Amino acid sequence: MHYDVLIVGGGFAGAYCGRTLGSLLGKKAGQRVALIAEKNVLVFHPMLAEVAGSTLSPRDVVHPLREFCQDIEVLQGSVTSVDLNSRTVTVDGGRFTRNHEITFTHLVLAPGSVTDLSRIPGLSAYGWPLKTVADALRLRAAVINRLEEANLSQDQAIRQRLLSFVVVGGGFTGVETAGQIIDFLRSAFRLYPNLSNQKPRVYLVHLGEHLLPEIGEKLGEYAEQVLRDKGAELLLRRSVSEVTAVKAILGDGTFIEANTVVATIGSATSPVVVSVAEQLGVTLSRGRLTVRPDLRVEGTENIWAIGDCAAVPWINKGQQKFAPPTAQFAVREGRQLGRNLAAVLNGRPTEVKPFTYRYLGQLATVGDREAVAEMLGFHFKGFLAWWMWRTIYLAKLPGALRRLRVMVDWTFELFFRRDISITQPPPDDMLRAIHLERDEILLTAGERSRAFYVVRSGTLRADAPGSGTFGVNSVIDDDLVSPDKRWLATVRAVTPADVIVIRGKAFELLNSGLRLSSRSEDKAEITRT
């Protein structure tokens with residue numbers, strides 16, 4: 001497949017770029033422009049905390065990309081590699097549709113950032129991120145399950161640990177999440193008479209002097225006071241240095257006993273952006289690609305970048321800055337790039353314009369009927385700011401039906417207790433059994449390694465020299481994997497075979513250091529349990 005414009009990323013920046021470009025190119029846009037997204041949804045991130053707090057339904061904060069960008073082609077898949085020399089992007093479409101190669105004339109990078117909690121020991125294993133709708137649902141389910149466990153326990157120390165919640169990070173997401181957890185607990189506690197003598201505790205740990213540094217000291221101080229009045233315990237100028245299953249250890253050696261730690265920090269650069277920077281030989285600016293005012297990556301003519309992954313020049317009040325990585329800027333950058341690309345594709349390069357935008361301000365909720373806002377230089381707080389937050393974000397939601405649903409949910413939330421039913425599906429099994437018939441392929445050379453395999457019955461053979469066969473209890477792991485995490489050989493069944501697949505977090509742990517010695521010539525075996 002070939003497209004004149006290939007957009008990588010389905011967040012605000014990529015979606016609005018594709019939508020704008022599609023509307024300007026007309027009927028042929030679907031043949032010329034494609035957007036690659038890991039999921040066919042545009043997530044309205046500012047409202048994720050309300051999903052975690054059971055104020056909104058998960059479907060209220062998502063919109064199908066195929067509907068939002070209906071004039072262009074939408075491709076669901078994960079980008080595994082980008083080759084700038086051949087102008088090729090390789091896409092993994094899922095379990096049965098991998099390694100699709102798509103060529104492009106213009107490449108738009110808008111993958112956003114990724115979550116990396118590995119910098120704090122234990123946070124990856126025990127921290128609850130809040131990046132996706134699934135994250136919000138998992139966090140909501142975890143809070144409800146902690147209430148249920150505490151309701152059963154007769155040990156006061158265990159109860160208090162179960163009813164203690166630590167939120168790491170005092171930015172927008174951290175403040176809004178802490179407020180939502182407090183309000184949810186306050187609403188749900190009435191249904192747990194066994195806990196009437198127990199007080200839930202919500203801690204907010206922030207490294208800075210004040211909360212919400214993006215919005216100003218005065219409003220940050222107001223947010224602090226509101227949270228304290230609600231019962232939150234603020235630990236400012238503090239950091240979390242380690243997390244275990246039962247405690248969050250702070251940088252000064254003290255600790256908080258808690259079974260639930262919410263991580264609103266840990267944004268890292270997308271591997272796709274890192275790969276492009278290496279191929280171009282450029283240095284990332286705080287993890288972002290430096291772009292020219294017209295949104296082209298420095299030193300290129302056909303590579304463009306917007307959103308969280310791009311350091312976009314922006315003039316504010318006469319000062320040269322980089323546009324902050326927020327949703328309102330991503331939307332405007334996407335629209336401007338859509339117009340610029342339309343001008344280039346239509347043979348009117350003189351119509352390409354630099355990115356300009358008059359900053360409107362920022363808003364953050366601090367729980368039920370409380371918010372802070374900075375709009376056009378004016379500060380608002382309390383109920384008025386909360387009303388502004390809801391009004392503005394309601395207007396920004398794509399789709400009239402979705403806006404109506406949100407209005408209904410918000411109205412019911414004003415009069416009724418929040419829902420405590422758990423709708424989150426159980427997690428995928430980390431171990432899965434599969435069956436192969438004779439000559440059926442288990443894995444193909446060149447594919448990215450996503451799992452390890454244990455042979456339960458039958459025999460498999462790898463076509464790489466010296467690899468030999470894999471019999472019962474043999475392990476097929478990273479001895480057959482290249483440094484760039486791709487399989488070096490194709491492995492197929494010599495006889496009918498049953499294989500256990502080790503994937504998910506179990507695979508990640510094994511792949512990050514713990515090795516299963518498995519060379520076929522060593523006759524490695526796993527002890528049956």
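Quick check on R335: is it under 30 Å from K28 (Cα atoms) and buried (at least 18 other Cβ atoms within 10 Å of the Cβ)?
yes
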Review point. Is there any pair linking a residue in the stretch 410-436 that is closer than 13 Å to R140 by Cα to one that is open to solvent by 50 Å² or more (accessible area, probe 1.4 Å) and modelled with pLDDT of 80 or more, with Cβ under 7 Å and at least six apart or on different chains, and which?
Key: I420/L191; Q424/R138
**Study point:** Selection within the stretch 358-385 - closer than 27 Å to F184 by Cβ and aliphatic (A, V, I, L, M)
**Key:** L363, A364, V366, A371, V372, A373, L384, A385
Exercise for review: Report whether or not W410 is out of contact with any helix residue (DSSP H, G or I) (no Cβ under 8 Å at 6 or more places or on another chain) and open to solvent by less than 30 Å² (accessible area, probe 1.4 Å).
Suggested key: no
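So for the stretch 59-73 (the condition being of a type in the set (V, I, T) and open to solvent by less than 20 Å² (accessible area, probe 1.4 Å)), does at least one residue qualify?
Yes; the residues of the stretch 59-73 include at least one that is of a type in the set (V, I, T) and open to solvent by less than 20 Å² (accessible area, probe 1.4 Å).
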Study note, to complete from the structure: (1) under 30 Å from E447 (Cα atoms); (2) in contact with a Ser or Thr (Cβ under 8 Å, 6 or more places away or on another chain); (3) charged (D, E, K, R); (4) open to solvent by less than 40 Å² (accessible area, probe 1.4 Å) all hold for K131 apart from (4)
Review point. Is there a residue in the stretch 226-249 that is polar (S, T, N, Q), open to solvent by 20 Å² or more (accessible area, probe 1.4 Å) and over 25 Å from the mean Cα position of the chain (by Cα)?
Key: no
Review point. If only one of V43, V74, V51, V62 is at pLDDT 95 or above and in contact with a helix residue (DSSP H, G or I) (Cβ under 7 Å, 6 or more places away or on another chain), which one is it?
Key: V74
Check your understanding: Which one of these is among the hydrophobic types (A, V, I, L, M, F, W, C), surrounded by fewer than 23 Cβ atoms within 10 Å (Cβ to Cβ), under 26 Å from the mean Cα position of the chain (by Cα) and at pLDDT 90 or above: A342, A305, A311?
Key -> A311
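Quick test for you: out of L401, L360, pick the one residue that is closer than 22 Å to G171 by Cβ and open to solvent by 50 Å² or more (accessible area, probe 1.4 Å).
L360
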Revision key, fill the gap. Across (1) surrounded by fewer than 24 Cβ atoms within 10 Å (Cβ to Cβ); (2) at pLDDT 95 or above; (3) under 20 Å from the mean Cα position of the chain (by Cα), G171 clears everything bar (2)
Review point. Taking interchain pairs and intrachain pairs at least six residues apart, which have beta carbon atoms under 8 angstrom, with the first residue in the stretch 218-240 and on the phi > 0 side of the Ramachandran plot and among the β-branched types (V, I, T) and the second crowded, with 19+ Cβ neighbours inside 10 Å and in a loop (DSSP other than H, G, I, E, B)?
Key: none
Check your understanding: Would you say L109 is touching a helix residue (DSSP H, G or I) at 6+ places or on another chain (Cβ under 7 Å), touching a residue at least 12 places away in the same chain (Cβ under 8 Å) and surrounded by fewer than 21 Cβ atoms within 10 Å (Cβ to Cβ)?
Key -> no
Exercise for review: Determine whether V352 is farther than 18 Å from Y16 by Cα and in contact (Cβ under 8 Å) with a residue 12 or more places away in the chain.
Suggested key: no
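Name every residue in the stretch 447-469 that is among the hydrophobic types (A, V, I, L, M, F, W, C), over 16 Å from R492 (Cβ atoms) and not in a loop (DSSP other than H, G, I, E, B), in order of residue number.
F452, V454 - these are the residues of the stretch 447-469 that are among the hydrophobic types (A, V, I, L, M, F, W, C), over 16 Å from R492 (Cβ atoms) and not in a loop (DSSP other than H, G, I, E, B).
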Revision key, fill the gap. Note on the stretch 19-46: residues under 19 Å from R348 (Cα atoms) and under 27 Å from the mean Cα position of the chain (by Cα) are T20, L21, G22, V33
Check your understanding: Do you know which residues across the stretch 441-485 are within 28 Å of S78 (Cβ to Cβ), open to solvent by 40 Å² or more (accessible area, probe 1.4 Å) and in contact (Cβ under 8 Å) with a residue 24 or more places away in the chain?
Key -> I441, T444, A445, R448, R450, D463, K485
Practice item. Pick out, from the stretch 166-248, the strands (runs of 3 or more DSSP E) lying fully within it that include 3 or more residues that are of a type outside the set (V, I, T). Key: 201-206, 233-236
Exercise for review: State which residue is farthest from H106 (Cα to Cα) when the search covers only the stretch 37-95 and only residues that are in a helix (DSSP H, G or I) and among the acidic types (D, E).
Suggested key: E50
Check your understanding: Is it true that some residue in the stretch 368-380 is open to solvent by less than 40 Å² (accessible area, probe 1.4 Å) and in contact with an Asp or Glu (Cβ under 8 Å, 6 or more places away or on another chain)?
Key -> no
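The values are calculated or read from the model by the stated rules, or taken from the named source; none is laboratory data. Keep in mind the model is a prediction, meaning the values are calculated, not measured. With ideal geometry, Cβ positions are generated from the backbone for all residues, glycine too; neighbour counts draw on all protein chains shown. Protein only, heavy atoms only, side chains kept; ligands, DNA and RNA dropped before computing areas. Shrake-Rupley method; radii C 1.70, N 1.55, O 1.52, S 1.80 Å.
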